[in-house]
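J.: Dropping the structure in here first, questions after.
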Amino acid sequence: MTTSAARPATLEDVARVAGVSRATASRVLARTGSVSPATRDRVAAAAKQLGYVPNQAARALVRGSGVRLAVAVTGSTDAVLDDPYIDRVVAAAARVCGPQGLGVTLHWLPRHAPETLRRLVADRGICGVVLVNTTSPVLDAVPRSLRGRVASIGIGSPAVPAFDVDNGAGAEAVLHHLHATGRRRIAMVTGPRWLVCAERSVHTYRRMAGEAGLPVRLVRGDFTAARGRSAAHEVLERWPDTDAVFAASDATALGVIAGLRQTGVRVPGDVAVAGFDDIPLAELSTPALTTASHPVGRIATAAAQAVLDRRAVPPVTFFPSALVARDSA
């Protein structure tokens with residue numbers, strides 16, 4: 001039985017049939033508060049009899065629990081939202097949220113205006129936030145009301161758990177491979193200086209160069225192919241005898257290969273090139289790119305799940321990275 005062919009059953013209808021108040025019916029159907037087993041059974045039976053379907057969005061807004069997960073990405077400009085890496089984060093978050101009837105929205109956090117985060121979480125429709133490219137100012141801007149409903153892909157804090165790839169170990173695997181193949185004058189194109197998590201691979205590079213007595217040759221990058229292309233020219237101008245380049249991202253590494261080719265340098269014959277991320281294009285490039293794995297989907301899934309479950313997790317969870325050896329190095 002339903003109330004009308006034209007009108008779906010409402011919460012008031014369920015309460016009337018069950019002989020309880022609207023508030024009691026709401027507590028039973030939302031599974032909040034305490035009611036007697038008999039009352040719970042009457043409300044459940046009434047809902048089934050009337051074919052009542054709760055409005056999940058309205059109920060979530062009333063509770064303040066939200067109807068969507070926000071993925072908030074820090075960047076110098078909104079161009080950061082075009083990064084294919086972000087597409088993979090959002091896709092993984094959507095797979096977690098979909099079965100729970102939640103949506104996912106993507107937001108840019110200007111690097112010089114982290115207070116934007118406070119305005120974002122003032123939206124009652126937001127059930128939680130996954131931060132990407134997290135910086136210390138962004139962590140400082142996390143309001144107390146968001147704690148327990150936020151996770152970071154990158155660095156974290158005592159109040160914000162972090163999930164990330166172990167890029168230090170991944171960089172070490174790549175550098176060991178370059179050294180094992182006879183490369184001794186290895187330059188590195190880094191990530192952006194402001195992104196703290198990107199510095200782990202730089203620390204690994206410096207440490208390994210020091211331990212092996214090799215020169216340190218660092219060029220600042222920004223994870224883009226365009227910067228990789230220009231960085232290749234910079235490396236050759238500063239250190240013409242360079243025999244390998246390790247880039248902090250595959251996009252940058254592919255740009256490095258293009259830049260080297262423009263100057264007539266053979267890859268890997270003259271200069272070996274390796275990247276980090278193992279993006280789909282890595283194995284399709286010519287030569288196929290040597291790199292290290294980056295389980296973006298698993299990382300984003302874990303971060304989103306932690307936010308939705310609101311459960312205690314370790315302060316930092318690292319996901320392993322492994323060498324993927326191909327033709328470029």
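J.: Mind listing whichever residues of the stretch 204-233 are of a type in the set (Lys, Arg) and over 22 Å from Thr74 (Cα atoms)?
T.: Answer for the stretch 204-233, where residues must be of a type in the set (Lys, Arg) and over 22 Å from Thr74 (Cα atoms): Arg206, Arg207, Arg217, Arg229.
J.: Scanning the stretch 261-286 for residues that are buried (at least 16 other Cβ atoms within 10 Å of the Cβ) and of a type outside the set (A, V, I, L, M, F, W, C), which turns out nearest to Arg149 (Cα to Cα)?
T.: Asp277
J.: What number of residues in the stretch 180-224 are part of a strand (DSSP E or B) and among the small types (Gly, Ala, Ser)?
T.: 1
J.: Here's a follow-up. Among (1) more than 30 Å from Ser157 (Cα to Cα); (2) among the small types (Gly, Ala, Ser); (3) out of contact with any His (no Cβ under 8 Å at 6 or more places or on another chain), where does Ala325 come up short?
T.: Here Ala325 clears every test but (3).
J.: Can you name every residue in the stretch 91-121 that is farther than 10 Å from Arg68 by Cα, part of a loop (DSSP other than H, G, I, E, B) and in contact with a strand residue (DSSP E or B) (Cβ under 8 Å, 6 or more places away or on another chain)?
T.: Passing the criteria: Arg111, Pro114.
J.: Also, quick follow-up: For the stretch 234-278, enumerate the residues that are on the phi < 0 side of the Ramachandran plot and touching a His at 6+ places or on another chain (Cβ under 8 Å).
T.: Gly259, Gln262, Thr263, Ala274, Phe276, listed by residue number.
J.: Related question: Filter the stretch 81-109 down to residues that are of a type in the set (Asp, Glu) and without any contact (Cβ under 8 Å) to a residue 24 or more places away in the chain and give me whichever is surrounded by the most Cβ atoms within 10 Å (Cβ to Cβ).
T.: Among those that are of a type in the set (Asp, Glu) and without any contact (Cβ under 8 Å) to a residue 24 or more places away in the chain, it is Asp87.
J.: Which residue out of Ser26, Ser34 is in a loop (DSSP other than H, G, I, E, B), among the small types (Gly, Ala, Ser) and modelled with pLDDT under 85?
T.: Selected residue: Ser34, the only one of Ser26, Ser34 that is in a loop (DSSP other than H, G, I, E, B), among the small types (Gly, Ala, Ser) and modelled with pLDDT under 85.
J.: So for the stretch 130-145 (the condition being touching a helix residue (DSSP H, G or I) at 6+ places or on another chain (Cβ under 8 Å), free of Cβ contacts under 8 Å to residues at least 24 places away in the same chain and among the hydroxyl-bearing types (Ser, Thr, Tyr)), does at least one residue qualify?
T.: no
Residue-by-condition table, conditions (1) surrounded by fewer than 22 Cβ atoms within 10 Å (Cβ to Cβ); (2) at pLDDT below 95:
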residue: Glu115; (1), (2): yes, yes
residue: Leu131; (1), (2): no, no
residue: Asp140; (1), (2): yes, yes
residue: Ser145; (1), (2): yes, yes
residue: Gly148; (1), (2): yes, yes
residue: Ile155; (1), (2): yes, no
residue: Phe163; (1), (2): no, no
residue: Gly168; (1), (2): yes, no
residue: Glu172; (1), (2): yes, no
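The values are calculated or read from the model by the stated rules, or taken from the named source; none is laboratory data. All values derive from a computational prediction rather than experimental measurement. Positions of Cβ are backbone-derived with ideal geometry, glycine not excepted, and every protein chain shown enters the neighbour counts.
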